[in-house]
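All remarks here apply to the structure that follows.
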Amino acid sequence: MQPSATSSIISLLYSPRYRYTDAFDQMRARVTLIYALFSVVGSLLVIISALVTPLVPMFSTGTLLSAAVVGILPGIAIMALVHLGHLRFATFITYAMLMLSALGALNSGVASNLVIVLSLSMLYASLIWQWRGTIITAILQGLMILTAAALQIQGIVVPSRLIPVDQIPLQTLLDLVFIVAIGIMSGASSEELRRALRYTTRLVAQLRATSEVAQRTSSLIKLNELLQQTVNYILDRFGFYHVQIFLIDAEQRFATLEASTSETGKMLSQRGYRLAVGSQGVIGQVTLLGEPMTLDTEYDETVMTRRDELLPETRSELALPLIARDRIIGVLDIQSTRPNAFHQEDVESLGIMASLISIAISNAKLFQEQQTALNENRRLFLDAETNLREIQLLNQRLTGEAWEDYLRSRSTEVIGYTLNNNQLRHDETWTPALSEATQKRQPVITTDGDRQIIAVPVELRGRAIGAIEVETDSAVRQSDTLEMLQSVAQRLALSIDNARLFEQAQELAQQELEVNAISAKLQGITSMSELIKTAMSELSRALGAEQAAIRLGLALRNAPNTPVNTNGSNGKGPHA
């Protein structure tokens, strides 16, 4: 607690408690507090010296009271006025005290070393009122020096340091030169300080505005919304006349107007207004060179003619490149109604904002590209899912048709076996559990007293081709039985399908052998009638056909039900 209280007390001596919004007033308040502190400390030192050395005649009781009245009390009053916000009144009191001190110093004569006290009021006036205070103080102090010299020559004032009368004019001239030199140095230093303070204040304001713009735009992920709100924020926060953003296409050929703060610019943006990269003009050159450029339209009649049509109040323009990942992606164009409005410090501070905007635009573009890729991947996934579903349905249909053909070729609709009392017998009947498991393609569990019946479907490519049913004791764990049945059903489905394919392959191979055998027999016969008879006989044998027929001729000319041949017969041929 003690260090913080001490720090607060010390800060009162040089930091004003009243919040002065203007940076120059803040500086004036600090300078005034420092001068007041100097007055108080100086007076205290005089009093302490008088108490320590009481034998010195000059430090009498009157001197102590004068020091207290002239130095301490006004200094404390000045501090109070500064902390309460009465800065102008405090500065006049401080200036008056310094001028009185200078007047008191001249009582010692123009050749006294106390003339240096005049520099304090000169320096203070320069800091508070710049060149105006410097000139006024120099005139007043010059009159004071001339008056003191005249009084000293006439003998009205007897200085502490006596010099010959003929040397007084020279010493007066030296004092005047001293005052002028101090005034010039003080005024120049004050002007530089004022310029630096103005630059710092403006830079801080721009950086604060830049930070605010960056914070407001950092959460925006939609590119169009980001660009439009960015130009609006810059216009409102900095008070410019017009702000717009151009973005360069992927081919680095054109810069398209994407966002603008004027109605004309918005209309041009909707029409797709663009400029060629490297074209004449500020924006075209910035897109090519990637460096900031300023333009004062007051000295360019061509630009002024163009601005009169679109933005008639533009007097100066600043174009900043938007660079992301070492690539020029666009241009931030700012226009003002003041001539020569953009200085080097403005270019530097606004360049920081352009860099932050470039990052935000790059992130928004990246998000947009990722979103597009995500949507495309989602579309491809949905298409693949649809195709997979169609393939599964096709596989189910083909599997069903294949098994129907297989069973039809075996002249049966069901292939089944039942194990009962350790005896395996052929059985084609469907129990309720088997039928339900096949239709629903889900396991079916029923209980009958102390017995439990579990049926699981036999699935192949998403199509149920049958089911397995077992009856066990209720003491057997149902989950174990169900898991084993499902595993067996899966493997059984594959094995059954492989067996079907093997049988069909064998049948095809046997048919190929029969065809080859018939072809071998036909190759050795040269008679047309014998060929036909042999073919009919072998086909009937191989296929087990009871009736067959062969016709040779142009049957397309004949009516379907009234065959006619060229020999006048009824068109009937031999039958086998």
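The values are calculated or read from the model by the stated rules, or taken from the named source; none is laboratory data. This one's a predicted model, so the numbers in the text were calculated from it and none came from an experiment. With ideal geometry, Cβ positions are generated from the backbone for all residues, glycine too; neighbour counts draw on all protein chains shown. Ligands, DNA and RNA are excluded from the accessible area calculation, which covers all protein heavy atoms including side chains. Shrake-Rupley method; radii C 1.70, N 1.55, O 1.52, S 1.80 Å.
Kirkwood hydrodynamic radius of segment 452-543 from all distinct Cα pairs, in Å?
On the way: mean 1/r = 0.0576 Å⁻¹.
Evaluated on segment 452-543, it is 17.4 Å.
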Segment 305-368 and segment 480-538 have their Cα centres apart by a whole-number Å value of 81 Å
Given +1 on the Cβ of Lys and Arg, -1 on the Cβ of Asp and Glu, and no further charges, what dipole in debye does segment 145-248 carry about its Cα centre, rounded to the nearest 20? 420 debye
What does the helix-only formula give at 222 nm for the chain: each DSSP H stretch with n ≥ 4 adding -39500 (n - 2.57), the total divided by the residues, and the result rounded to the nearest 500 deg cm²/dmol? -21000 deg cm²/dmol
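Mean 1/r over all different Cα pairs, inverted: what Kirkwood radius does segment 410-510 give, in Å? Walk me through the intermediate numbers first.
Working: mean 1/r = 0.0674 Å⁻¹.
Result for segment 410-510, one decimal place: 14.8 Å.
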Percentage relative contact order, segment 142-280, counting C-alpha pairs under 8 Å, at least six apart: 12 percent
Environment charge of residue 504, counting only residues whose C-beta is closer than 11 Å and scoring Lys/Arg +1, Asp/Glu -1: -3
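Divide the volume of the convex hull of the Cα atoms of segment 81-213 by its number of residues and quote the answer in cubic angstrom per residue.
Working: hull volume 14.4 nm³, N = 133.
That works out to 108 Å³ per residue.
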Using the Cα atoms as the points, what is the convex hull volume per residue of segment 213-295 in Å³? 113 Å³
Spatially near lysine pairs across the chain, Cα under 22 Å, sequence gap of 8 or more or different chains: 5
In debye to the nearest 20, how big a dipole does the chain give about its Cα centre with +1 on each Lys and Arg Cβ and -1 on each Asp and Glu Cβ? 1560 debye
Heads up, I need the accessible area for residue 521: 1.4 angstrom probe, whole protein in place, Å², nearest 10. 100 Å²
Expressed in angstrom and ordered largest first, the alpha-carbon extents of segment 71-149 along the principal axes are 41, 28, 16
Using the charge dipole of the chain (Lys, Arg: +1 at Cβ; Asp, Glu: -1 at Cβ; taken about the Cα centre), state which of 155, 446, 20 has its Cα farthest towards the positive end. 155
At 20 °C in a medium of viscosity 1.002 mPa s, the chain has a Stokes-Einstein diffusion coefficient, with Rh taken as the Kirkwood radius over alpha carbon pairs, in µm² per second, of 57 µm²/s
Starting from one equal scatterer on each C-alpha and no solvent at all, send me the Debye-based log10 I(q)/I(0) for segment 374-465 at q = 0.20, 0.25 Å⁻¹, two decimals. -1.07, -1.28
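Restrict the search to segment 160-258; then list the trypsin sites (Lys or Arg not before Pro) that DSSP places in a loop and that have at most 13 other Cβ atoms within 10 Å of their Cβ.
Details: sites: 161, 194, 195, 198, 202, 208, 216, 222, 237, 253; in loops: 161, 222, 253.
Sparse-neighbourhood loop trypsin sites (Lys or Arg not before Pro): 161, 222, 253.
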Give the relative contact order (percent, whole number) for the chain; include only Cα pairs under 8 Å separated by 6+ residues. 6 percent
Distance from segment 261-278 to segment 132-150 (C-alpha centre basis), Å: 63 Å
Neighbours of residue 18 by Cβ distance under 14 Å: Lys/Arg at +1, Asp/Glu at -1, summed charge +3
Rg/Rh ratio calculated on Cα atoms of segment 144-240 (Kirkwood radius): 1.58
